[in-house]
1. Given the residues Thr76, Thr52, which is the only one that is more than 15 Å from the ligand (Cβ to nearest atom) and either under 25 Å from Glu363 (Cβ atoms) or surrounded by 14 or more Cβ atoms within 10 Å (Cβ to Cβ) (or both)?
2. From the list Gly412, Gly356, pick out the single residue that is touching a Ser or Thr at 6+ places or on another chain (Cβ under 6 Å) and in a helix (DSSP H, G or I).
3. State all residues of the range 200-254 that are among the charged types (D, E, K, R), within 16 Å of the ligand (Cβ to nearest atom) and touching a residue at least 40 places away in the same chain (Cβ under 8 Å); if no residue qualifies, say none.
4. Considering each of Ala130, Ala141, Ala116, Ala182 in turn, give the residue that is small (Gly, Ala, Ser) and either modelled with pLDDT under 95 or within 16 Å of the ligand (Cβ to nearest atom) (or both).
5. Quick check, is Met165 within 18 Å of Lys81 (Cβ to Cβ), free of Cβ contacts under 8 Å to residues at least 24 places away in the same chain and not polar (S, T, N, Q)?
6. Filter the range 362-378 down to residues that are aromatic (Phe, Trp, Tyr) and either under 16 Å from Met205 (Cα atoms) or surrounded by fewer than 16 Cβ atoms within 10 Å (Cβ to Cβ) (or both), then give me how many there are.
7. Among the residues of the range 328-357 satisfying the criterion of being surrounded by 23 or more Cβ atoms within 10 Å (Cβ to Cβ) and among the polar types (S, T, N, Q), which is farthest from the ligand (Cβ to nearest atom)?
8. Please specify each residue of the range 307-322 satisfying the condition of being out of contact with any His (no Cβ under 8 Å at 6 or more places or on another chain), modelled with pLDDT of 95 or more, within 14 Å of the ligand (Cβ to nearest atom) and not hydroxyl-bearing (Ser, Thr, Tyr).
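The values are calculated or read from the model by the stated rules, or taken from the named source; none is laboratory data. Model, not experiment: these values are computed from the prediction. Please note: Cβ atoms are built from the backbone with ideal geometry, for glycine as well, and neighbour counts cover all protein chains shown.
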Amino acid sequence: MEKAVLDDVMREWDSPLYTEAVATFNRVADLMGLDENVAERLRVPQRAMVVTFPYRKDEYSQVDSVFGYRVQHVLTMGPTKGGIRYAPDVNLGEVAALAMLMTWKCAIVGLPFGGAKGGVRIDPFNLSRAEKQRVTRRYTAEIINFIGPNKDIPAPDMGTDEQVMAWIMDTYSQQVGHSEPAVVTGKPPALGGSVARREATGRGMVSLLPLAAEYRGVDLDGAQVVLHGFGNVGRFAAIAANELGCRVIGISDHTGGVHNGRGLDVADAARHVDEHRTLEGYAGGDAISNDELLRLDCDVLIPAAVGGVITPDVAEATSASIVLEGANGPTTSSADPILNDKGVLVVPDVLANAGGVTVSYFEWVQDLQNYFWSESEIVARLREIMNRAFSEVMDIAIRENTDLRTAALMKGIKRVADAKLVRGVFP
Ligand code: NAD
């Protein structure tokens, strides 16, 4: 792509995360010798929608207007799939970057989806339950022609959960005139949600830890684990790490962190969050800042909150041997080479957190067939897919003498490019 055209593209979608995603894509596309016609198309989303909509606050006379987004990156291999994020700073560029990451992620684990993402620029912690419901139903109404079981299937992401998915499913079903569970995944089991979906991302990620530890020569018995973010992903990752015999010595959320060198009681911390919504005031260890937490001495560092937190400074400071990327885009592209040069094994987001979309895929299949699997079937199939993807990516990394992120993206981008080339250009 000519530089002037590329500059235009960046102006349209500009955001730090999108700049990172495109820079990483360009680096890997160059290494692969990717067809430039395909590369040009894949740098930008196929479809993007920006909406502005009002919602009524609990104070009846007050109405606020907010921005919402839904971006579909590639529609070549099937419907698109990706979460919906409620966050105060979400923007079109960030959602576009996350949609692109979803495309690679689905391709890496072999799911029949392109990538999508959605968002509403709002602070979910400042909303009552009733306000969140009104925001969700109106956002769904705004994007309703864009989504559907065979078009684009949303799921939870930061700031959204099973309840939000239930409201989306209900709003969509009211409009089409019949119950349509397959329009979203991550629903409560009572509505056709899959058992084990809530735990899938954290548990799927930690199921890769023994493979990573074996490769990197880390003894997991008593290994010190630090988690940034204690939401859906972080909480279940902490529980799974404990089950492997690791010691979780640090956890955090947006209000700050807690450190206990003897090991935190993860279940007790989770109970505190259930009661108080955040970790603030949790007395199971010493209070520390998020920045201090990211620099704690540990064997395994798991970013499981927002993007861009592993900066060059943090990469220099960390003593971790393994970084498991639970969050999307947690490591900046300038921090990545520092970790690689230090010999840290980084299991990249597109591989590490793919367990969520994999069990979402299972949920979608079960909803379409109205035939539900047992928890043991789901866990076994998830493990098989995650372990196979890890081994395939590791083989590419060894063959190409490169890091796991580059190897994973080579695998994902190749699958999408092959599909595009064989379908050809319409008309
Ligand atoms: P969540 O809303 O359940 O939890 C987010 C956690 O991060 C909370 O503990 C929150 O307090 C904390 N947090 C938010 N901003 C923070 C900040 N600035 N500093 C420190 N902590 C902060 O979200 P989630 O579903 O656990 O998602 C976390 C990350 O994992 C996101 O990057 C998301 O895109 C990614 N992810 C989620 C899934 C999934 O299935 N939920 C799947 C793949 C990737």
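1. Exactly one residue qualifies, and that residue is Thr76.
2. Numbers: Gly412 fails: touching a Ser or Thr at 6+ places or on another chain (Cβ under 6 Å).
Answer to the check: Gly356.
3. The answer is Arg203, Asp253.
4. Ala116
5. no
6. Qualifying residue count, the range 362-378: 1.
7. For the range 328-357, the residue satisfying everything is Thr331.
8. Within the range 307-322, Ile310, Val314 qualify.
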